[in-house]
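Please read the structure below before turning to the comments.
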Amino acid sequence: MTVSPVLVRPVTAADRPTVERLWLMFRHDMADYQGGLPSPDGTYHSDRLRQAFEDDDWAAYLFTSGDRPVGFSFVRAVSGPERVLNSFFVVRGARRSGVGSAVVREVIDRHPGPWRIAFQDTNTAAVAFWRRVATGIAGTAWTEERLPVPGRPDVPPDVWISFTTA
């Protein structure tokens, strides 16, 4: 699918309903890899969503194509020693179009320095995507390690990629 140019911009309070709906799609997709059912009201836990809008050490971005939302990302520890790409999502209709690579590069470029990005081994598309992103940004100067998910012994370890940008 061809997607017109995509804009990456910081979220505003007015974007919250849109990002909340995208969050539901993201969490639904992640259930394939992390398990879990929605809450009785049909939502998924949203601590990270709340923090992205309310915590000064987080940066939240909305990706749009024209007037249509195509994804979001949350960066935490913006002022810390390592930035963490906490959540990253592109809607299915925009996947495999180059949108993900372009927007993640723009988000990372906005916060130079050390980075850490987690994903699940069983998500083969994410494995290939994040390794391609790390190589495109850092060449061979990136690492990968598997670490248990804190407080979640019921889920497989996360894979963490680390690199540094100029």
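The values are calculated or read from the model by the stated rules, or taken from the named source; none is laboratory data. Model, not experiment: these values are computed from the prediction. Glycine gets a Cβ as well: all are built from the backbone with ideal geometry, and neighbour counts include every protein chain shown. Ligands, DNA and RNA are stripped out before the accessible areas are found, and what is left, the full protein with its side chains, is counted by its heavy atoms. Shrake-Rupley method; radii C 1.70, N 1.55, O 1.52, S 1.80 Å.
For residue 122, which of the numbered conditions (1) more than 24 Å from residue 81 (Cα to Cα); (2) open to solvent by less than 80 Å² (accessible area, probe 1.4 Å) fails to hold?
(2)
Among the residues of the stretch 39-56, are any hydrophobic (A, V, I, L, M, F, W, C), at pLDDT 90 or above and out of contact with any Asp or Glu (no Cβ under 7 Å at 6 or more places or on another chain)? Walk me through it before giving the result.
From the stretch 39-56, those hydrophobic (A, V, I, L, M, F, W, C) are 49, 52-53; that's our starting set.
Still in the running and at pLDDT 90 or above: none.
Among the residues of the stretch 39-56, not one is hydrophobic (A, V, I, L, M, F, W, C), at pLDDT 90 or above and out of contact with any Asp or Glu (no Cβ under 7 Å at 6 or more places or on another chain), which makes the answer no.
Look through the stretch 128-164, keep the residues that are part of a loop (DSSP other than H, G, I, E, B) and touching a helix residue (DSSP H, G or I) at 6+ places or on another chain (Cβ under 6 Å), and return whichever of them is most open to solvent (accessible area, probe 1.4 Å). Write out each step before concluding.
To start, the set of residues in the stretch 128-164 that are part of a loop (DSSP other than H, G, I, E, B) comprises 139-142, 148-157.
Keeping just the survivors that are touching a helix residue (DSSP H, G or I) at 6+ places or on another chain (Cβ under 6 Å) gives 142, 155.
On the way: 142: 62, 155: 26 Å².
Ranking the candidates gives 142 first.
Kindly evaluate residue 95 against the criterion of being loosely packed, with under 15 Cβ neighbours inside 10 Å, basic (Lys, Arg) and out of contact with any helix residue (DSSP H, G or I) (no Cβ under 6 Å at 6 or more places or on another chain).
Values: loosely packed, with under 15 Cβ neighbours inside 10 Å: no; basic (Lys, Arg): yes; out of contact with any helix residue (DSSP H, G or I) (no Cβ under 6 Å at 6 or more places or on another chain): yes.
When the stated conditions are applied, residue 95 does not pass them.
Filter the stretch 104-118 for residues that are open to solvent by less than 20 Å² (accessible area, probe 1.4 Å) and closer than 16 Å to residue 72 by Cα and give the result. Spell out how you get there, then give the answer.
Quick first cut of the stretch 104-118, residues open to solvent by less than 20 Å² (accessible area, probe 1.4 Å) only: 104, 107-108, 113, 115, 117.
Across the stretch 104-118, the qualifying residues are 104, 107, 108, 117.
Would you mention how many residues in the stretch 88-127 are among the polar types (S, T, N, Q), part of a helix (DSSP H, G or I) and more than 23 Å from residue 147 (Cβ to Cβ)? Lay out the reasoning, then the answer.
Taking the stretch 88-127 first, the residues among the polar types (S, T, N, Q) are 97, 101, 120, 122-124.
Keeping just the survivors that are part of a helix (DSSP H, G or I) gives 101, 124.
Adding the requirement that they be more than 23 Å from residue 147 (Cβ to Cβ) leaves 101.
Counting residues in the stretch 88-127 that are among the polar types (S, T, N, Q), part of a helix (DSSP H, G or I) and more than 23 Å from residue 147 (Cβ to Cβ) gives 1.
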